[in-house]
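Single-structure report; data block below.
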Amino acid sequence: MNRCHCCLRETETDFCRTCSRKLFGKDRFSAMLNFSLPDIAQALDGKPQRISISGAQPKYSLKTEGKGLVPTDRHGTYILKPATSMQFRLYADMPANEHVTMQMARQIFKLDVAESALLQFPSGEYAYLTKRYDVHKDGTRIHQEDFAQVADLSSEEQGSNYKYESLSYEDIAELISGHVSAHAVSLEKFFRTILFNYLVCNGDAHIKNFSIYSPNKEGVFELSPAYDLMNTSLHASDSRTALDLFKDEDSFQTDFYRENGFYGATDFMEFAKRIGIVETRALRFVKDIVAHVPEMDTMLDQSFLSDEAKQQYRESIRDRVKALTA
């Protein structure tokens, strides 16, 4: 029995019918790409064909054509991320890592995330696919701004490390309050995403990995679905969070942080208080984030990760559970 390359449930085909319709608008769709990585990575003129989205992995624009996906430089509705960053540990697991992490967020924790799947090149290598939520069916763009754009930040003005050093998560929460109409709901959504990132060891959730967009009415912004969720500790020795929780972290530390050197439940409760989340709800979110480890284990078993990556993923989330329950 196969596993659906989207939801990871048992299916006789590459995708269950529900996921195939949701992702591609068809009852049956193959997870096998009909082009190779060299085909998509290089155009006829020899220049790389990449879309300008930041990140360590190369990203390519695709659209559906007939019964498959084809590379495109215009009106793409999907983004493909192959595993070609060989400077990272377990680099071949990067697509499956992002895929299972996104599915955990969606299915187990009920977070609003971009739709995704795991595809394969003819050579067998996996590639992560995400369906763009910021384009209409005809390929025209929906207005979206990441928080570097919202705050008018750039590498030219703030330096090459601006994505990590310019704002804290508390600063982003203040920007959400100032730019999103239904900001109370969005702040809870943001808080739960930060908690999830901490649990799954996503140390690369920087300011450009959070965005606002206006899908229904131009100028009326919502917090966008979450994207670029993965356990970065499998591949690199990064910090526990990409950004500081607090904007005054140079002068403020909780007792827990001062004693341990990393965040715990006390820090996230303080963070929730500062951004206006009711204490009882914040406490429920913190308790809930550590209550689903058995379900995460099951999904890791169902995933396309290597056995080594599965084991390391399990160990890393248990380390974070200790911090969140101390």
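Of note:
- Yes/no for residue 250 being farther than 30 Å from residue 305 by Cα and open to solvent by 40 Å² or more (accessible area, probe 1.4 Å): yes
- Residues that are charged (D, E, K, R) and at pLDDT 90 or above, drawn from region 71-95: 81, 89, 93
- Look at (1) loosely packed, with under 15 Cβ neighbours inside 10 Å; (2) more than 23 Å from residue 316 (Cα to Cα); (3) without any contact (Cβ under 8 Å) to a residue 24 or more places away in the chain and you find that residue 138 fails only one, number (3).
- Taken over region 198-253, residues that are among the charged types (D, E, K, R), farther than 19 Å from residue 163 by Cα and not in a loop (DSSP other than H, G, I, E, B) amount to 1.
- Within region 254-275, the only residue that satisfies the criterion of being closer than 21 Å to residue 185 by Cα and either in a loop (DSSP other than H, G, I, E, B) or touching a Cys at 6+ places or on another chain (Cβ under 6 Å) (or both) is 275.
- The residue that is farthest from residue 208 (Cα to Cα), counting only those in region 147-179 that are of a type in the set (S, T, N, Q) and not in a loop (DSSP other than H, G, I, E, B), is 177.
- Contacts under 8 angstrom Cβ, first residue in region 293-313 being touching a residue at least 24 places away in the same chain (Cβ under 8 Å) and assigned to a loop (DSSP other than H, G, I, E, B), partner surrounded by 19 or more Cβ atoms within 10 Å (Cβ to Cβ) and β-branched (Val, Ile, Thr), 6 or more apart: 303/100; 304/100; 305/100
- Candidate set: region 181-214, residues that are buried (at least 20 other Cβ atoms within 10 Å of the Cβ), over 20 Å from residue 324 (Cβ atoms) and over 12 Å from the mean Cα position of the chain (by Cα); chosen: the one modelled with the lowest pLDDT: 183
- Residue check for residue 110: assigned to a helix (DSSP H, G or I) and under 30 Å from residue 294 (Cβ atoms): no
- For region 59-77, taking the residues that are in contact (Cβ under 8 Å) with a residue 24 or more places away in the chain and among the charged types (D, E, K, R), the one that is most open to solvent (accessible area, probe 1.4 Å) is identified as 67.
- Selection status of residue 115, touching a helix residue (DSSP H, G or I) at 6+ places or on another chain (Cβ under 8 Å) and open to solvent by 30 Å² or more (accessible area, probe 1.4 Å): yes
- Hits in region 222-232 - residues which are on the phi < 0 side of the Ramachandran plot and either open to solvent by less than 30 Å² (accessible area, probe 1.4 Å) or under 14 Å from the mean Cα position of the chain (by Cα) (or both): 223, 224, 225, 226, 227, 229, 230, 231, 232
- Scanning region 253-281 for residues that are without any contact (Cβ under 8 Å) to a residue 24 or more places away in the chain, surrounded by 12 or more Cβ atoms within 10 Å (Cβ to Cβ) and out of contact with any Ser or Thr (no Cβ under 7 Å at 6 or more places or on another chain) gives 253, 257, 269, 273, 278.
- Output for region 96-112, where each listed residue is crowded, with 22+ Cβ neighbours inside 10 Å and within 18 Å of residue 24 (Cβ to Cβ): 99, 102, 103
- All positions within region 143-161 that are in contact (Cβ under 8 Å) with a residue 40 or more places away in the chain and more than 19 Å from the chain's Cα centre (by Cα): 143, 150, 151, 153
- Whether a residue is among the aliphatic types (A, V, I, L, M) and outside any helix (DSSP H, G or I) was assessed, and residue 102 does not pass this test.
- For region 124-135, a residue qualifies if it is under 17 Å from the mean Cα position of the chain (by Cα) and open to solvent by less than 40 Å² (accessible area, probe 1.4 Å), and the qualifying residues are 127, 128, 129, 130, 134.
- Test for residue 121: is it more than 17 Å from residue 230 (Cβ to Cβ) and surrounded by 17 or more Cβ atoms within 10 Å (Cβ to Cβ): yes
The values are calculated or read from the model by the stated rules, or taken from the named source; none is laboratory data. This is a predicted model, so every value here is computed, not measured. All Cβ positions, even for glycine, are placed from backbone atoms using ideal geometry, and neighbour counts span all protein chains on display. In case anyone asks, the SASA skips ligands and DNA or RNA and just uses the protein heavy atoms, side chains included. Shrake-Rupley method; radii C 1.70, N 1.55, O 1.52, S 1.80 Å.
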